Amino acid sequence: MAELEPVAENIWAVSAPFDFLGAIHLGTRMTVVRLSDGSVLLHSPVPISDALAAEIAAIGPVRHIVCPNRFHHTYAGQALARFPGALLHGPRSLWKKRKDLTFAAELTETPHPDWAGDLELLTIKGCALDETVFYHPATRTLIASDLVENFHGSSHRPTDWYLKAQGLHGRIGWRRLMRFVYRDRKAARASLDRLLQWPFERVVVAHGDIIRQDAREAVRDGMAWV
């Protein structure tokens, strides 16, 4: 069974289980991007089975693995072991946190030369997540991890209760429990205003469903509290 979900031309997603606080089923997602040179970038890696590795190999050689913020790094080592020729990218704050990983490049708003013609980057300032989001102009797709979350509910009762308590049940936004990570809202607001200048039409998020309709309005409304 195929594990790659087509998102747009040259972009795929892979969903995987993830439990928050050990009991809340939020899931997570990796984005796979084929660059203009035919190589592949893995954004926010998840566990990669033999079958998934074969699907990715059919797209192209993996040359870049990206940890987009300080928290989406759990499977980076496994991804590097699976694709030893790839370069690992991550924010400088993650380098200090994961000294066991060998980072090849710091993730900033300056694109790596291999991505310069394919992706634009923006770092969300004032937030402890230290996340850099990616914009793919050719398909008007925004690629993020923890920018917003998009849940319509859950069949798992504790998770459904959690979503309601966090203001995420049927509403795109950011969980109330974690709003403290936005330590400088003025700086974050400036970053979000810059982000909303991109004419994106969909957003790949790590938690919840991919946002495929009214994406800019959804992000604007979901982050209006900042």
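The values are calculated or read from the model by the stated rules, or taken from the named source; none is laboratory data. All figures in this text were calculated on a predicted structure; none of them were measured in a lab. Ideal geometry is used to build each Cβ from the backbone, glycine not excepted, and the neighbour counts take in all protein chains shown.
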_Just checking: which of the helices (runs of 4 or more DSSP H) contained wholly in the stretch 117-226 hold 3 or more residues that are closer than 21 Å to HIS72 by Cα and modelled with pLDDT of 95 or more?_
185-195
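Taking the conditions exactly as written (within 18 Å of ILE143 (Cβ to Cβ), of a type in the set (D, E, K, R) and buried (at least 21 other Cβ atoms within 10 Å of the Cβ)), does ARG34 satisfy them or not? Write out each step before concluding.
Numbers: within 18 Å of ILE143 (Cβ to Cβ): yes; of a type in the set (D, E, K, R): yes; buried (at least 21 other Cβ atoms within 10 Å of the Cβ): no.
No: the conditions fail for ARG34.
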_Out of everything in the stretch 109-148 that is among the aliphatic types (A, V, I, L, M) and touching a Lys or Arg at 6+ places or on another chain (Cβ under 8 Å), what residue ends up being surrounded by the most Cβ atoms within 10 Å (Cβ to Cβ)?_
LEU142
*Considering only residues of the stretch 172-201 that are crowded, with 19+ Cβ neighbours inside 10 Å and in contact with a helix residue (DSSP H, G or I) (Cβ under 6 Å, 6 or more places away or on another chain), which is nearest to GLY126 (Cα to Cα)?*
TYR182
*Based on what the data block shows, is ILE56 of a type in the set (Val, Ile, Thr), on the phi < 0 side of the Ramachandran plot, in contact with a helix residue (DSSP H, G or I) (Cβ under 6 Å, 6 or more places away or on another chain) and not in a strand (DSSP E or B)?*
no
*Within the stretch 7-26, can you find the residues that are buried (at least 16 other Cβ atoms within 10 Å of the Cβ), aliphatic (A, V, I, L, M) and modelled with pLDDT under 95?*
ALA16, ILE24, LEU26
*In the stretch 1-30, how many residues are in contact with a strand residue (DSSP E or B) (Cβ under 6 Å, 6 or more places away or on another chain), β-branched (Val, Ile, Thr) and within 21 Å of ARG175 (Cβ to Cβ)?*
1
*Give just the number: which of (1) in contact (Cβ under 8 Å) with a residue 24 or more places away in the chain; (2) surrounded by fewer than 17 Cβ atoms within 10 Å (Cβ to Cβ) does CYS67 not satisfy?*
(2)
*Close pairs from the stretch 39-61: first touching a residue at least 24 places away in the same chain (Cβ under 8 Å) and among the aliphatic types (A, V, I, L, M), partner part of a helix (DSSP H, G or I) and surrounded by 22 or more Cβ atoms within 10 Å (Cβ to Cβ), Cβ under 9 Å, at least 6 apart*: VAL40/ILE56; LEU42/ILE56; LEU42/ALA79; VAL46/ALA79; ILE48/ILE56; ILE48/ALA79
